[in-house]
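Visitor: Sharing a structure with you now.
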Amino acid sequence: MDRRTAFTKILKPKQKKTTNTTVVFGGLEPYEGPWAFAQVSHLLSRTTFSPTKATIQEALAQGLDATIIQLFSATLEPAPPIYYDTELDPNVPMGETWVDAPLQEDVNLTPNRRRSLRAWTMKLINEEGISVREKLSLFWVNHFAIQGVNDMRVSYQYISLIKQHVWGNFRQLIKDMTINHAMLRFLNGNTNRVGSPNENYAREVLELYTIGKGPIAGPGDYTYYTEDDVVEMARIFTGWRTRGYNTQNPDIFPGSFFQPGRHDTGDKQLSHRFDNVVVSNMGADEYSHLIDIIFGKDEVARHICRQLYQWFVYYKIDDLTEEMVIEPLAQLLIENDYELKPILETLFRSTHFFDMLNVGPMIKSPLSFVIGVVKENNMPFSDNWRQEWATYNHLYTRVRNMGMDYYAVPQVAGWKAYYQTPLFYRNWINSTSLQLRSEFASRLANNGYAFMGERYKLDHLAFIATLENPLDPNEMIAEIVQLMLPQPLHESQLAALKELLIPGLPDFEWTVGYNEHLDNPDDEDLKAAVNNKLKAFFSGLFSMAEYQLS
């Protein structure tokens, strides 16, 4: 049973059913329902890596339209990553960026730079505020899956390109990614030359990045392109090379360039799927012309709209959703010349997006899970900036161990959770990853992690002090559940959580104990007594199946 069907049985909304799926009502018409906690939390849970009480309150106060505007308001590129852990680079001081600096002959700078890039990435996500930039960045990292890059300057160029176009023009992003250093190396575009064409990128740009692989219509014919198109497009992409990878030469910077002598200057005949167009030699501009030809087909818009829908709404797309959401969204994308922002704004404002059956059926990715525990609980970071960056790198390691390495996506198609049927998001959960999630959350809730002479963990007392009525255990638990879970709990589940907080005790025992701590904040015994209750409570909350959902 999929999550929507399960929620149908629980929520029992007015609905229709087909023979094989639960129908979600509503299309792209603007949502006109209530703008309350549930709607704000849903919007921010999908567009960011977890809302906090502060961001929910901010969005509640300003309304839906202003919140949508704010989601797309981050116009400046973030400051680049910096060195934080050891002083190895003679040309770059501690606390300065390395992204434009050469490597050194006698020093291996790659591990330092890799840790810096990872910490920077986690820091951006944790400090995102009300912005869809980081959630969309991960979408494109999954879309343009890259791995095996050992020059961090090249990795930084790759993620910077994504952030530059994150909600910009999709066609231009494809063009720029085609000749990006990391992509050219990953799919062997830098070895693609006349007389010895390499088809890797030509195949993926069709099957994965733009138009998609449709049903097989005949031998070598995939409805939207053919094997002959792959062959001819590989010829079109010839001539592009990379330079400066792992170079120690300060005068050579990693990048890409066009070498005319390696380009196939002959005519390329595309198939009937592309109207039998003949592409003649255009030199360095030929790849761009080909992208324009591909984007002349409406299926490109449908393909990327389906992927965005699965990322932000739900993995199942039934016939009704195709008709009421995907098709009009694709037409809107075409009308806007493949600018992404208008269609995302339309989707996030739509009645369909706020349908209750779309609230909470996703399983959190490892990144969403880890950063969610940190953000929702306002985990404090060290005042020492180097310790802060080290903590972010440690968080990255936890995410990677759970099966999600941001800069080393395991398959060219992305993580299995976003494409492999029938499991999709359920691919994130197995006996190993579930144990790692539980151990991470439980450890943060209790004694935390110690390294570099400091310890980081959740500060439960500081967190509950931000709640409306932490003196009342029932109200406190209800607010925490509302903040951290996508759907309400049953009374029996709430009672079980309270039992963790005050096992076998009446409510006033919590009130008295917490009041005594507030009256005597320097009394370590009183503080520990309250904190130990909270540790047990949050450990139990984080272990609930419902906490895995978004």
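The values are calculated or read from the model by the stated rules, or taken from the named source; none is laboratory data. Please read all numbers here as calculations on a predicted model, not as lab measurements. No Cβ is skipped: glycine too gets one built from the backbone with ideal geometry, and neighbour counts run over all protein chains shown.
Visitor: Tell me, yes or no, whether region 246-264 has at least one residue that is more than 30 Å from residue 105 (Cα to Cα) and among the aliphatic types (A, V, I, L, M).
Guide: For region 246-264, residues more than 30 Å from residue 105 (Cα to Cα) and among the aliphatic types (A, V, I, L, M): absent.
Visitor: Which one is surrounded by the most Cβ atoms within 10 Å (Cβ to Cβ), of the residues in region 376-416 that are of a type in the set (Asp, Glu) and part of a loop (DSSP other than H, G, I, E, B)?
Guide: Top of the filtered list is 405.
Visitor: Right, something else. Under 7 Å between Cβ atoms, at least 6 apart or on separate chains: pull out the pairs that start in region 461-474 with a residue that is modelled with pLDDT of 95 or more and end on any residue that is aliphatic (A, V, I, L, M) and assigned to a loop (DSSP other than H, G, I, E, B).
Guide: Hits for this filter: 473/502.
Visitor: Let me ask something else. Specify the residue that is surrounded by the most Cβ atoms within 10 Å (Cβ to Cβ); the eligible residues are those in region 204-241 that are part of a strand (DSSP E or B) and not hydrophobic (A, V, I, L, M, F, W, C).
Guide: If we take residues in region 204-241 being part of a strand (DSSP E or B) and not hydrophobic (A, V, I, L, M, F, W, C), then 226 is surrounded by the most Cβ atoms within 10 Å (Cβ to Cβ).
Visitor: Check whether at least one residue in region 241-252 is under 30 Å from residue 341 (Cα atoms), β-branched (Val, Ile, Thr) and in contact (Cβ under 8 Å) with a residue 60 or more places away in the chain, and report yes or no.
Guide: So the first thing to find is which residues in region 241-252 are under 30 Å from residue 341 (Cα atoms), and the list is none.
Scanning region 241-252 turns up no residue that is under 30 Å from residue 341 (Cα atoms), β-branched (Val, Ile, Thr) and in contact (Cβ under 8 Å) with a residue 60 or more places away in the chain.
Visitor: Being under 26 Å from the mean Cα position of the chain (by Cα) and aliphatic (A, V, I, L, M) narrows it down to one of 236, 179, so name that one.
Guide: Exactly one of 236, 179 is under 26 Å from the mean Cα position of the chain (by Cα) and aliphatic (A, V, I, L, M), namely 179.
Visitor: I'd like the full set of residues that are crowded, with 19+ Cβ neighbours inside 10 Å and assigned to a helix (DSSP H, G or I), limited to region 54-91.
Guide: 55, 56, 59, 64, 67, 68, 71
Visitor: A follow-up question, please. Out of everything in region 437-495 that is under 27 Å from the mean Cα position of the chain (by Cα) and part of a strand (DSSP E or B), what residue ends up being surrounded by the most Cβ atoms within 10 Å (Cβ to Cβ)?
Guide: 456
Visitor: Here's another thing I want to ask about it. State yes or no: is residue 67 modelled with pLDDT under 95 and more than 19 Å from the chain's Cα centre (by Cα)?
Guide: No.
Visitor: Search region 95-112 for residues being of a type outside the set (Gly, Ala, Ser) and in contact (Cβ under 8 Å) with a residue 40 or more places away in the chain, and hand back the single one that is farthest from residue 151 (Cα to Cα).
Guide: Among those residues, the one meeting the criterion is 105.
Visitor: Identify the residue in region 92-105 that is at pLDDT 90 or above and surrounded by fewer than 17 Cβ atoms within 10 Å (Cβ to Cβ) and, among all such residues, is farthest from the chain's Cα centre (by Cα).
Guide: Taking region 92-105 first, the residues at pLDDT 90 or above are 92-104.
Those still in the list that are surrounded by fewer than 17 Cβ atoms within 10 Å (Cβ to Cβ) too: 93-97, 100, 104.
Numbers: 93: 32, 94: 30, 95: 27, 96: 27, 97: 25, 100: 26, 104: 33 Å.
Top of the filtered list is 104.
Visitor: State which residue is nearest to residue 423 (Cα to Cα) when the search covers only region 304-338 and only residues that are of a type outside the set (Lys, Arg) and not in a helix (DSSP H, G or I).
Guide: Per the criteria, the residue is 315.
Visitor: Is it the case, given these coordinates, that residue 59 is out of contact with any strand residue (DSSP E or B) (no Cβ under 8 Å at 6 or more places or on another chain) and either among the basic types (Lys, Arg) or free of Cβ contacts under 8 Å to residues at least 60 places away in the same chain (or both)?
Guide: no
Visitor: Report, ordered by the first and then the second residue, all pairs with beta carbons closer than 6 Å, sequence separation of six or more or different chains, a first member in region 207-234 that is touching a residue at least 24 places away in the same chain (Cβ under 8 Å), and a second member that is of a type in the set (Phe, Trp, Tyr).
Guide: 211/224; 214/222; 214/224
Visitor: Would you check which residues across region 31-64 are among the charged types (D, E, K, R) and touching a Lys or Arg at 6+ places or on another chain (Cβ under 8 Å) and list them?
Guide: 46
Visitor: Now, a different point. Any idea which of 363, 371 is surrounded by 19 or more Cβ atoms within 10 Å (Cβ to Cβ), over 17 Å from residue 545 (Cα atoms) and not aromatic (Phe, Trp, Tyr)? It would help to see each step written out before you state the result.
Guide: Details: 363 fails: over 17 Å from residue 545 (Cα atoms).
Just a single option satisfies the conditions, and that option is 371.
Visitor: Okay, next question. Of 201, 245, which residue is part of a helix (DSSP H, G or I) and not acidic (Asp, Glu)?
Guide: Exactly one residue qualifies, and that residue is 201.
Visitor: Continuing with this model, one more query. Just checking, does region 424-433 include any residue being more than 30 Å from residue 162 (Cα to Cα), surrounded by fewer than 21 Cβ atoms within 10 Å (Cβ to Cβ) and in contact with a Ser or Thr (Cβ under 9 Å, 6 or more places away or on another chain)?
Guide: Scanning region 424-433, I find no residue that is more than 30 Å from residue 162 (Cα to Cα), surrounded by fewer than 21 Cβ atoms within 10 Å (Cβ to Cβ) and in contact with a Ser or Thr (Cβ under 9 Å, 6 or more places away or on another chain), so the answer is no.
Visitor: If a residue has to be part of a helix (DSSP H, G or I) and either surrounded by 19 or more Cβ atoms within 10 Å (Cβ to Cβ) or within 17 Å of the chain's Cα centre (by Cα) (or both) to count, how many in region 24-38 make the cut?
Guide: Step one: list which residues in region 24-38 are part of a helix (DSSP H, G or I), which gives 37-38.
Filter once more, so that each one left must be either surrounded by 19 or more Cβ atoms within 10 Å (Cβ to Cβ) or within 17 Å of the chain's Cα centre (by Cα) (or both): none.
Residues meeting the conditions: 0.
Visitor: Looking only at region 130-185, how many residues end up being among the β-branched types (Val, Ile, Thr) and surrounded by fewer than 20 Cβ atoms within 10 Å (Cβ to Cβ)?
Guide: Result for region 130-185: 1.
Visitor: Taking the residues in region 260-296 that are of a type in the set (D, E, K, R) and surrounded by 18 or more Cβ atoms within 10 Å (Cβ to Cβ) as candidates, determine which candidate is nearest to residue 169 (Cα to Cα).
Guide: Pass one, region 260-296, residues of a type in the set (D, E, K, R): 262, 264, 267-268, 273, 275, 285-286, 292.
When the remaining residues are screened for being surrounded by 18 or more Cβ atoms within 10 Å (Cβ to Cβ), the result is 264, 268, 273, 286.
Working: 264: 28, 268: 27, 273: 24, 286: 19 Å.
Looking at residues that are of a type in the set (D, E, K, R) and surrounded by 18 or more Cβ atoms within 10 Å (Cβ to Cβ), I get 286.
Visitor: Sticking with this one: Which pairs turn up if I take residues in region 323-349 that are more than 13 Å from residue 26 (Cα to Cα) and look for partners that are surrounded by fewer than 17 Cβ atoms within 10 Å (Cβ to Cβ) and of a type in the set (Val, Ile, Thr) with beta carbon separation below 9 Å, at least 6 apart in sequence or on another chain?
Guide: 345/69
Visitor: Taking the options 250, 260, name whichever one is at pLDDT below 95 and over 27 Å from the mean Cα position of the chain (by Cα).
Guide: That would be 250, the only listed residue that is at pLDDT below 95 and over 27 Å from the mean Cα position of the chain (by Cα).
Visitor: Let me ask something else about it. Answer yes or no as to whether residue 257 is in a strand (DSSP E or B), closer than 29 Å to residue 136 by Cα and either out of contact with any Leu (no Cβ under 9 Å at 6 or more places or on another chain) or among the polar types (S, T, N, Q) (or both).
Guide: yes
Visitor: Got at least one residue in region 417-431 being in a strand (DSSP E or B), farther than 20 Å from residue 542 by Cα and at pLDDT below 95?
Guide: Taking every residue of region 417-431 in turn, none turns out to be in a strand (DSSP E or B), farther than 20 Å from residue 542 by Cα and at pLDDT below 95.
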